[in-house]
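S.K.: Please find one structure pasted underneath; my questions will follow.
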Amino acid sequence: MASVEIDRLVRLLARLPGLGQRSAQRVALALLKRRDTVMLPLADALTACAERVRPCEICGNLDTTEPCGICRDPEREAGLLCVVAELEDLWALERAMVFKGRYHVLGGTLKAMDGIGPEELGVDRLLRRVEEQQIAEVILALGATVDGQTTSHYLAERLQPLGSTVTRLGRGVPVGGELTYLDEGTLDAALRARQRVA
Ligand code: ZN
């Protein structure tokens, strides 16, 4: 029988996305076998992130500084704002190095069935930001899923009275595609082919 410590490790690992009980055991074993090269550095990384990483109050990005590095970067085009559903989408665009503006991370998409409405996504915060920062163009990069499309339509309607140009990604994004699964070329094409919606 496994020790209390190992048991606790496995139970915590099993709470991670994509890991069930058996894969959690496998991961725990792999960690225990690589104590110095993986397990201890991982424990350090976990502590450092838990202590220092916080969501940026302006855009929702995660960073150790407030505002985050992207919001503070003077090289970024201040009038260009890309709205994404999840942080992974921001990472995908940053990885592809195709976007030079700033971001707004909603933290999800509208899902009436799950009780996720405009309030849960902080839509008012986004509208205030667009108004206060006098954003010239808001790019809705919310993917082509039904929820993404619904959210895009809703945001376009709410953004329209503010006078900013509102666009959405062009047809490079496949139906049902999430940004994080797209390669750089596709993301670049989708960004270049963006279409005005309001
Ligand atoms: Zn930020």
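S.K.: Within segment 52-70, how many residues are buried (at least 17 other Cβ atoms within 10 Å of the Cβ), of a type in the set (A, V, I, L, M, F, W, C) and out of contact with any Ser or Thr (no Cβ under 9 Å at 6 or more places or on another chain)?
M.R.: The qualifying residues number 4.
S.K.: Follow-up question, since we're still on this one. Go through segment 50-94 and give me each residue that's over 18 Å from LEU155 (Cα atoms), part of a loop (DSSP other than H, G, I, E, B), within 11 Å of the ligand (Cβ to nearest atom) and not hydrophobic (A, V, I, L, M, F, W, C).
M.R.: Selection gives GLU57, ASN61, THR65, GLU66, PRO67, ASP73, ARG76.
S.K.: Can you tell me which of (1) hydroxyl-bearing (Ser, Thr, Tyr); (2) buried (at least 18 other Cβ atoms within 10 Å of the Cβ); (3) out of contact with any helix residue (DSSP H, G or I) (no Cβ under 7 Å at 6 or more places or on another chain) is the one SER23 doesn't meet?
M.R.: Going through (1) hydroxyl-bearing (Ser, Thr, Tyr); (2) buried (at least 18 other Cβ atoms within 10 Å of the Cβ); (3) out of contact with any helix residue (DSSP H, G or I) (no Cβ under 7 Å at 6 or more places or on another chain) one by one, SER23 breaks only (2).
S.K.: On the basis of being away from the ligand (no atom under 13 Å from the Cβ) and polar (S, T, N, Q), does THR47 make the cut?
M.R.: So THR47 passes the test.
S.K.: Which condition breaks for GLU137 when tested against (1) more than 18 Å from the chain's Cα centre (by Cα); (2) on the phi > 0 side of the Ramachandran plot; (3) surrounded by 14 or more Cβ atoms within 10 Å (Cβ to Cβ)?
M.R.: That leaves (2) as the condition not met.
S.K.: Here's a follow-up. Please count how many residues of segment 61-72 are farther than 21 Å from ALA45 by Cβ and either in contact (Cβ under 8 Å) with a residue 24 or more places away in the chain or touching a helix residue (DSSP H, G or I) at 6+ places or on another chain (Cβ under 7 Å) (or both).
M.R.: The number of residues fulfilling the criteria is 2.
S.K.: Looking at GLU5 and the list (1) closer than 30 Å to ARG194 by Cα; (2) at pLDDT 95 or above; (3) not in a strand (DSSP E or B), which single condition is not satisfied?
M.R.: Of everything listed in (1) closer than 30 Å to ARG194 by Cα; (2) at pLDDT 95 or above; (3) not in a strand (DSSP E or B), GLU5 misses just condition (1).
S.K.: Looking at ARG102 and the list (1) modelled with pLDDT under 95; (2) within 21 Å of VAL197 (Cβ to Cβ); (3) within 13 Å of the ligand (Cβ to nearest atom), which single condition is not satisfied?
M.R.: Tallying (1) modelled with pLDDT under 95; (2) within 21 Å of VAL197 (Cβ to Cβ); (3) within 13 Å of the ligand (Cβ to nearest atom), ARG102 fails exactly one: (1).
S.K.: Look at ARG54 and say whether it is farther than 24 Å from GLY108 by Cβ and either at pLDDT 95 or above or among the aliphatic types (A, V, I, L, M) (or both).
M.R.: No, not satisfied.
The values are calculated or read from the model by the stated rules, or taken from the named source; none is laboratory data. Fair warning: this is a prediction, and the values are worked out from it, not measured in the lab. With ideal geometry, Cβ positions are generated from the backbone for all residues, glycine too; neighbour counts draw on all protein chains shown.
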